[in-house]
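Q: Before I ask anything, here is the structure I am working with.
Values in this text are rule-based calculations from the coordinates and carry no lab data. Here the structure is a predicted model, which means the values were calculated and not measured. We place every Cβ from the backbone using ideal geometry, glycine too, and count neighbours over all the protein chains shown.
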Amino acid sequence: MNTIKGIAASKGVAIGNLKLCVKLDDKISKQSITDVEKELERVDAAKEEAVKELNKIYLKALKRVGEENSMIFQIHIMMLQDDDFFDAIQDCIKDEKVNAEYAVWKAAQQFSEMFAQMDDEYMKARSADVIDISKRVLGCLNPALESGLDSLKSEAIVAASDLMPSETVQMDKSMVLAFVTEQGSKSSHSAILARTMGIPAVVGLRDSFAALQNGVVTIVDGSEGTIVIDPDEATLKAYEQKREQFLQHQQKLQQLKGTKAVTKGGVEIEINANIGHPSDIEMVLDNDADGVGLFRSEFLYMESDDFPTEEQQFEAYKTVLEKMDGKRVIIRTLDLGADKQVPYLNIPKEENPAMGYRAIRISLDRKELFVTQLRALIRASAFGKLAIMFPMITSVEQVQEIKGMVEQVKHELEEEKIAFAPDFELGIMIETPASAVLSDLLAKEVDFFSIGTNDLTQYTLAVDRMNPSISEMYDPRHPAVLRMIQMSVENAKKAGIWIGICGESAADTALTKFYLEIGVDELSVTPSAVLELRKTVQQLD
Ligand code: PEP
Ligand code: MG
């Protein structure tokens, strides 16, 4: 038995076998072989197996997300049946007399590079697909090479150096008992995703990560940040009890469904939920949130191989609005860049991505993308109570430019006789010090503010939210951050607009009293934190 400590990132206790996801480059070695025929047969069998797996996934996806969104798996099947790719693998085995795993990985890299260099955008996007299908073939060749994320075959605790949001959105969530990562911090996006999914997570293990063992029974305590490897009987029993208590507590909170977040003194606050995908709405409804306070729309871009079309986005937004049945849904325009990258955006490597080409900076630079998203959003407004929110605002001029574009899109839709709601709200995130300091002027431009404490903390304190080695300095309760919040709330009140908080510290119950005292109107938290927060408000004087 061995106990290690990391950063507690998502509450709850999980007990299960650990699945260690190591980078393929570190796992695939070049080995000389003598039996060429045997390696060729192994490749053929793996390819056949991979096609079978993809067919199953395609049929499952077809039911879940429809024809258009499932097409990618058909494309993967076609690519797997491409002769050029397999000729390259076979030639490598025959000429270099090497193992099948090495030959597949080498061909994958060659073909992926070749696609990446093509001019045609569609072909360029195939670069990531070649890697994807090769990983699948490798997993079929050798179970130790399964990527572990999109191919989990049984329930497991997933451990990886870091989990990029693009990887976490792909995995089969019903199989993941918990996340454990070497990198990351409490407010990195993989931690946020774990909380949205309601599964325990411990991140930022750093050097202790090396102690984890593949396939070994492991305990993850996401409330304390503790991991126990190969526990003895007594420890196992103690954590089984703790897991039971946690589940019972969750059960008790269910009684608060249907009640309001009102203090004993009669002050009411709206408690909404944050989501990243239309399918998260089930969690929002399950936890009885008052609405959706933040829909991070970039996840639609991240699970797709290319820019989602207006139609695909419209369907996603409409679904969420309809399911929320008249309750307010705040959809934030794309916040790609920094740790949320998509290959097809082709952002060159940046020294300081968090302060680089991201969010509204991309939208205002690549207007065709922004207009597509605005059209999809405004069209969806006809199906519920929509509010649109813009991320990473740093100036009044940005907001004026955005409003001009919104007016233009509305005008075009009118001309095209396409329906939309006349009264949807427009708001901005206060997540840069510039926007907090300018909040008196910005408040005159919009209907609401929502404070993004994750980035506001990072930029105010100059502490990278992703960097585990300075995670103790990343403090959303720091007086400088609280002053930024208070200043924004005061300016919102003066201008007569409402203000909420949608960063992770909206769920920090040690701050709830402060938020209520200064006059915050809304808090938006991960769905699984809604009822706990409601309880905290109800217990306040
Ligand atoms: C924030 O910065 O607080 C926020 C809500 O946005 P994100 O976490 O998506 O950057
Ligand atoms: Mg942010």
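Q: How charged is the neighbourhood of Val217? Take every other residue with its Cβ under 15 Å from the Cβ of Val217, and add Lys/Arg as +1 and Asp/Glu as -1.
A: Numbers: positive: Lys19, Lys237, Arg243; negative: Glu155, Asp221, Asp230, Asp232, Glu233, Glu240.
With Lys, Arg at +1 and Asp, Glu at -1, the neighbours total -3.
Q: A further question on this structure: Which FRET efficiency value, to the nearest 0.05, do you get for Glu414 and Lys252 by plugging their Cβ-Cβ distance into 1/(1 + (r/R0)^6) with R0 = 60 Å? It would help to have the intermediate numbers written out before the result.
A: Details: r = 51 Å, r/R0 = 0.85.
E(calc), rounded to 0.05, equals 0.75.
Q: Which whole-number percent is the relative contact order of the stretch 257-539 (Cα, under 8 Å, 6+ apart)?
A: 22 percent
Q: Rounded, prolate or oblate: which fits the stretch 56-129, taking a ≥ b ≥ c as square roots of the Cα gyration tensor eigenvalues, rounded meaning a/c under 1.5, else prolate when a/b beats b/c? Please report the intermediate quantities before stating the final value.
A: Working: a/c = 3.21, a/b = 1.67, b/c = 1.93.
Judged from the Cα gyration tensor, the stretch 56-129 comes out oblate (a/c at least 1.5, b/c at or above a/b).
Q: Further question: Report the relative contact order of the stretch 25-145, percent, no decimals, based on alpha-carbon pairs under 8 angstrom and at least 6 residues apart.
A: 33 percent
Q: If the chain between Glu407 and Asp440 were fully stretched, how many nm would it gain, using 0.36 nm times the residue separation less the Cα-Cα distance?
A: Numbers: separation 33, 0.36 × 33 = 11.88 nm, distance 2.32 nm.
Here the segment from Glu407 to Asp440 would lengthen by 9.6 nm.
Q: Now a separate question. Taking amide H positions as placed in the peptide plane 1.01 Å from N, state which residues far from Trp498 in sequence (5 or more) or on other chains have amide H under 5 Å from it.
A: The answer is Phe449.
Q: I'd like the distance between the alpha-carbon centres of the stretch 435-450 and the stretch 294-354, rounded to an integer number of Å.
A: Going from one Cα centre to the other spans 23 Å.
Q: A further question follows. Give me the distance in nm between label points sitting 7 Å out from Cα along the Cα-to-Cβ direction at Gln400 and Glu368, one decimal.
A: Label-label distance for Gln400 and Glu368, simple model: 2.9 nm.
Q: Sketch the reach of a paramagnetic label on Arg483 as a point 7 Å from Cα along Cα-to-Cβ, and name the residues of the stretch 429-465 whose backbone nitrogen lies under 13 Å away.
A: 437, 460-461
Q: List the relative contact order of the chain as a percent without decimals, with contacts defined as Cα pairs under 8 Å and 6+ residues apart.
A: Values: 1033 pairs, mean separation 85.4, N = 541.
RCO, the chain: 16 percent.
Q: A further question follows. Give me the number: length gained by fully extending Asp447 to Asp172, i.e. 0.36 nm times residue separation minus the C-alpha to C-alpha distance, one decimal in nm. Walk me through the numbers on the way to the answer.
A: On the way: separation 275, 0.36 × 275 = 99.00 nm, distance 3.83 nm.
Working it through step by step, the gained length comes to 95.2 nm.
Q: OK, next. How would the stretch 215-300 be classified by its alpha-carbon gyration tensor: rounded, prolate or oblate, with rounded meaning a/c under 1.5 and the a/b versus b/c comparison settling the rest?
A: Judged from the Cα gyration tensor, the stretch 215-300 comes out oblate (a/c at least 1.5, b/c at or above a/b).
Q: Starting from 0.36 nm per residue, how many nanometres of slack lie between Leu236 and Gln109 once their C-alpha separation is accounted for?
A: Values: separation 127, 0.36 × 127 = 45.72 nm, distance 4.36 nm.
That works out to 41.4 nm of additional length.
Q: With the Cα gyration tensor of the chain giving a ≥ b ≥ c as the square roots of its eigenvalues, does the rule (a/c under 1.5 for rounded; else a/b larger than b/c for prolate; else oblate) give rounded, prolate or oblate?
A: Details: a/c = 1.98, a/b = 1.36, b/c = 1.45.
Cα axes put the chain in the oblate bin.
Q: Something else about it: Rank-order 353-366, 230-243 by packing density, defined as the average count of other C-beta atoms within 10 Å over each peptide's residues, highest first.
A: Top to bottom by mean Cβ count within 10 Å: 353-366, 230-243.
Q: Within the chain, which DSSP H helices have Cα atoms that stretch 18 Å or more along the helix axis and a mean Kyte-Doolittle hydropathy of at least -1.0? Before the final figure, lay out each step's value.
A: On the way: long enough: 36-80 (42 Å, -0.24); 83-96 (19 Å, -0.68); 100-116 (24 Å, -0.01); 121-141 (31 Å, 0.11); 233-253 (30 Å, -1.50); 310-324 (21 Å, -1.09); 367-380 (19 Å, 0.42); 396-415 (29 Å, -0.79); 479-495 (24 Å, 0.04).
Passing helices, by number: 36-80, 83-96, 100-116, 121-141, 367-380, 396-415, 479-495.
Q: Rounded to whole Hz and in sequence order, give me ³J(HN,Hα) for the stretch 26-34 from the Karplus expression 6.51 cos²θ - 1.76 cosθ + 1.60, θ = phi - 60°, writing x for Gly and Pro.
A: So the Karplus estimates, Gly and Pro as x, are 7, 9, 9, 10, 7, 10, 6, 10, 10 Hz.
Q: Still on this structure, I have one more. Rounded to the nearest 0.05, what FRET efficiency do Ser469 and Tyr357 give with R0 = 35 Å and r taken as the Cβ-Cβ distance? Could you check? If you can, show how the numbers build up before the last one.
A: Values: r = 25 Å, r/R0 = 0.72.
Working from the Cβ atoms, E equals 0.90.
Q: Using the Karplus curve 6.51 cos²θ - 1.76 cosθ + 1.60 with θ = phi - 60°, what ³J(HN,Hα) values do you get for each residue of the stretch 295-302, in whole Hz, with x for Gly and Pro?
A: 10, 6, 5, 4, 5, 5, 6, 7
Q: Now, a different point. Place the peptides 457-464, 79-86 in order of packing, highest mean first, counting for every residue the other Cβ atoms within 10 Å and averaging per peptide.
A: On the way: 457-464: 20.0, 79-86: 14.4.
In descending order of packing, they fall as 457-464, 79-86.
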